[in-house]
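The values are calculated or read from the model by the stated rules, or taken from the named source; none is laboratory data. Since we're looking at a predicted model, the values are computed, not measured. All Cβ positions, glycine included, derive from the backbone under ideal geometry; neighbour counts span all protein chains shown. SASA here: full protein model, heavy atoms, side chains in, ligands and nucleic acids out. Shrake-Rupley method; radii C 1.70, N 1.55, O 1.52, S 1.80 Å.
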Amino acid sequence: VANTKRCLMSGNLLAKKESESSSSQFVAGSLEEDGAIPTPTAFKHERRPTNFDKKVLVWAGRFKKEEDIPKYITSEVLDAARNTVRIKVCYIMIALTLLGCLAMVITGKEAAKKDHTLLRVNEEKKAKWRAEAEKDQEAAAVKAQ
């Protein structure tokens, strides 16, 4: 009759059968097949992804749908997905910055053609302020008399 020792290593259940002749034999089986341990436990480098992590994994192209993501994933898989998403976001920011610069150049050239420059706007604003200041001084002089 054999004595069985079980140990849990990297998601597989290893059963070590020791026979009376002191020879040992290893048998590998999955957790679902063996009824001894009903639920798998998280290992040292595995973690349960959050909803945001699931969105990152899908957007990075690691999985097609959120339903395809397993219950536990390794930190390396999540880090790789985050790096991929980080690079995509940087590319998007670069593209938006270039589009913004191009839009500013185009609007600046159109404004220059219409002679609607900052210098002209500032001169008009200062002339308006001077006219208001003169009206206020005249009104104060009329009240003083």
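If you take the residues in the stretch 91-145 that are hydroxyl-bearing (Ser, Thr, Tyr) and open to solvent by less than 100 Å² (accessible area, probe 1.4 Å), which one is nearest to Ala60 (Cα to Cα)? Quick ask: steps written out before the conclusion?
Let us first name the residues in the stretch 91-145 that are hydroxyl-bearing (Ser, Thr, Tyr), namely 91, 97, 107, 117.
Applying the additional criterion that residues be open to solvent by less than 100 Å² (accessible area, probe 1.4 Å) yields 97, 107, 117.
Values: Thr97: 22, Thr107: 36, Thr117: 45 Å.
Checking each candidate, the answer is Thr97.
So which residues in the stretch 63-85 are out of contact with any Phe, Trp or Tyr (no Cβ under 7 Å at 6 or more places or on another chain), outside any helix (DSSP H, G or I) and closer than 15 Å to Glu46 by Cβ, if there are any at all? Don't jump to the end; show me each part of the working.
Residues of the stretch 63-85 that are out of contact with any Phe, Trp or Tyr (no Cβ under 7 Å at 6 or more places or on another chain), as a first pass: 63-68, 70-84.
Going one step further and asking which of them are outside any helix (DSSP H, G or I), we end up with 63-65, 70-74.
Pro70, Lys71, Tyr72, Ile73, Thr74 - these are the residues of the stretch 63-85 that are out of contact with any Phe, Trp or Tyr (no Cβ under 7 Å at 6 or more places or on another chain), outside any helix (DSSP H, G or I) and closer than 15 Å to Glu46 by Cβ.
Which residues, taken from the stretch 92-117, are outside any helix (DSSP H, G or I) and acidic (Asp, Glu)?
First, the residues of the stretch 92-117 that are outside any helix (DSSP H, G or I): 114-117.
Passing the criteria: only Asp115.
Please go through the stretch 78-112 and give me each residue that is of a type in the set (S, T, N, Q) and under 19 Å from Lys64 (Cα atoms), ordered by number. Steps first, answer last, please.
First, pick out the residues of the stretch 78-112 that are of a type in the set (S, T, N, Q): 83-84, 97, 107.
The answer is Asn83, Thr84.
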